[in-house]
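Reviewing the structure listed below.
The values are calculated or read from the model by the stated rules, or taken from the named source; none is laboratory data. Keep in mind the model is a prediction, meaning the values are calculated, not measured. Cβ placement follows ideal geometry from the backbone for every residue including glycine, while neighbour counts extend to all protein chains displayed.
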């Protein structure tokens, strides 16, 4: 599934990874890898790790609290499951020398769609309905069929193969997953195929750092001793596009180490804060999340009851005060400018009122380029080359300008960045009681 699609509910495979069962409720006939499940051991999955990275609170709701939700899943994950089932049928039947026609596949796909559809499937994008998504799935299947017929590019070894690998030498950390399709291309080359129904196409850099299929490659290399190379292949069905990547042994070793470190972080976590992102719209736990719980409550209220809700009233009043604060701030800025103009005209730096006095502070200060300035990239490059970015790691302009003014930095660094600095007259007003 795509990133957003996988964030709400689970595909059949995602559920299998959580529960430890095989896809479609069947017992796994093939498990590859060097992992061994032990009683009481937590078996991790890419889905489990990704959920923690996406949102620690979602991880807690799903894997620790095992919170039940009324939402069965998103339309995106539902679509993904149905398309996966159709392509699984295509290759399963081919193993028995039966080549389905496009129409036979579509009939199977639509039959499964009707069989599994319920009113609890969430459609986030309200401008589209379930029929739009169903037709999308048909197009995915048709495009794939026409692209790969007669499906003899490689020899299929297995479908929905369960992998179980140990991530450390002691076998304490074990990871499982399911390969959509594993095939053999000859000359010791194996291919891991993964079907994606996402509407976004990632760049090559993102695929080269993908964790899921890379972990699966470890299991394939362990299982097949003649394996010389493992190709990771993603089929982005919405674009009728195939993209691939490979990993070196060093990269796989580093990936195992990084995965173990992430698991240790999960197991040592004491708090699970929410991590808000665009993916929240697809989250099945939104009604329980502290960021959205009140929203779900008030959305169900009638207009009169909505206005009487204490939280709604408090936020509305707060909003009014903030608007007033913004207006007052603008008025203060205008008044400050008028006072400074008056002070310049009368050559004074303090102006008195009935019970308040205002002091004007001014100084010629050095100013360096900001992010919106054209020469900012060149300025940052000069800082980096001088080694100053170790101290000013995020280009804290105030800290940098202060250090420059006080000559509290390496003279060579000052020399390299001096051309970027400009003298500006900074003026401020401070008020106090007389």
- Note on the structure: Quick count over region 339-355, residues being assigned to a helix (DSSP H, G or I) and either surrounded by 15 or more Cβ atoms within 10 Å (Cβ to Cβ) or out of contact with any strand residue (DSSP E or B) (no Cβ under 8 Å at 6 or more places or on another chain) (or both), is 7
- Item | Test: residue in region 356-372 that is farther than 30 Å from residue 52 by Cβ, out of contact with any helix residue (DSSP H, G or I) (no Cβ under 8 Å at 6 or more places or on another chain), part of a loop (DSSP other than H, G, I, E, B) and at pLDDT below 95 | yes
- Message: I'd like the residue in region 298-308 that is outside any helix (DSSP H, G or I) and under 34 Å from the mean Cα position of the chain (by Cα) and, out of all such residues, is nearest to residue 288 (Cα to Cα).
- Response: 300
- Which ones in region 71-93 are in contact with a strand residue (DSSP E or B) (Cβ under 7 Å, 6 or more places away or on another chain) and surrounded by fewer than 21 Cβ atoms within 10 Å (Cβ to Cβ)? 71, 72, 88, 91, 92
- Message: I'm told residue 171 meets every condition in (1) outside any helix (DSSP H, G or I); (2) closer than 17 Å to residue 46 by Cβ except one. Can you identify the failing condition by its number?
- Response: (2)
- Checklist (1) under 26 Å from residue 226 (Cα atoms); (2) surrounded by 13 or more Cβ atoms within 10 Å (Cβ to Cβ) applied to residue 148, failing item: (1)
- Before we move on, is residue 68 exposed (fewer than 15 other Cβ atoms within 10 Å of the Cβ), under 28 Å from the mean Cα position of the chain (by Cα) and part of a loop (DSSP other than H, G, I, E, B)? yes
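Quick grid of which residues meet (1) assigned by TED's automatic domain parsing to the domain that holds residue 196; (2) within 19 Å of residue 293 (Cα to Cα); (3) without any contact (Cβ under 8 Å) to a residue 12 or more places away in the chain:
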position	(1), (2), (3)
37	yes, no, no
46	yes, no, no
55	yes, yes, no
61	yes, yes, no
65	yes, yes, yes
69	yes, yes, no
72	yes, yes, no
- How about region 132-161: which of its residues are touching a helix residue (DSSP H, G or I) at 6+ places or on another chain (Cβ under 8 Å) and under 30 Å from residue 39 (Cβ atoms)? 159, 160
- Item | Residue that is farthest from residue 141 (Cα to Cα) [pool: residues in region 95-124 that are free of Cβ contacts under 8 Å to residues at least 40 places away in the same chain and assigned to a loop (DSSP other than H, G, I, E, B)] | 119
